[in-house]
Amino acid sequence: MLLNDNPSRASCPSAGKELEAVTDATFADRVLGSDLPVLVEFWATWCGPCRMLGPVLEQIAGEYADRLRVVKINYDENPQTGMATHVMAVPTMQVYRGGEMVKSLVGARSKARLLTELEDVLSPA
């Protein structure tokens, strides 16, 4: 089951925004070339914490779409990007601003904790 395949969440208003999937081929354009800061989740289908984190990231993507892009990249299917960005475990979240990584977070967390850790990124410039 994919992160966004849960039919029980389809009609839930707090379900958030479906995350864009990036690949090794699209990472530079969609992440490094973005005008907005980008939160990238490195995930895998076999990763339980990744499945728990998915809905949290979808909610944040929906609520902060004007200040932050949230995308996901399947680490197993796109190993070049994971290796190039030194990802050692999933889930790993990296924040990019102006083409540079400014923050790296490893492991699942609650929405409240993640928003606290992203405060500097989400603050208006």
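The values are calculated or read from the model by the stated rules, or taken from the named source; none is laboratory data. Because the structure is a prediction, the values reported are computed rather than measured. Glycine also receives a Cβ, built like all others from the backbone with ideal geometry; neighbour counts cover every protein chain displayed. When the accessible area is computed, the model is the full protein with side chains, heavy atoms only, and any ligands, DNA or RNA have been set aside. Shrake-Rupley method; radii C 1.70, N 1.55, O 1.52, S 1.80 Å.
Among the residues of region 90-105, those identified as closer than 15 Å to W43 by Cα and of a type in the set (S, T, Y) are T92, S104. Selection of region 81-122 for residues being touching a residue at least 24 places away in the same chain (Cβ under 8 Å) and among the hydrophobic types (A, V, I, L, M, F, W, C) yields V87, V90, M93, V95, V102, A108, L114, L115, L118, V121, L122.
The set of residues in region 27-83 that are over 20 Å from L115 (Cα atoms), open to solvent by 50 Å² or more (accessible area, probe 1.4 Å), of a type in the set (A, V, I, L, M, F, W, C) and in a helix (DSSP H, G or I) comprises A28, L32, M83. Flag set for L3, criterion: at pLDDT below 95 and touching a Phe, Trp or Tyr at 6+ places or on another chain (Cβ under 9 Å).
Residues that are under 14 Å from the mean Cα position of the chain (by Cα) and either modelled with pLDDT of 95 or more or aromatic (F, W, Y) (or both) were ranked within region 9-26; the one that is surrounded by the fewest Cβ atoms within 10 Å (Cβ to Cβ) is T23. Of all residues in region 96-111, those that are open to solvent by 70 Å² or more (accessible area, probe 1.4 Å), farther than 16 Å from R67 by Cβ and of a type outside the set (D, E) total 2.
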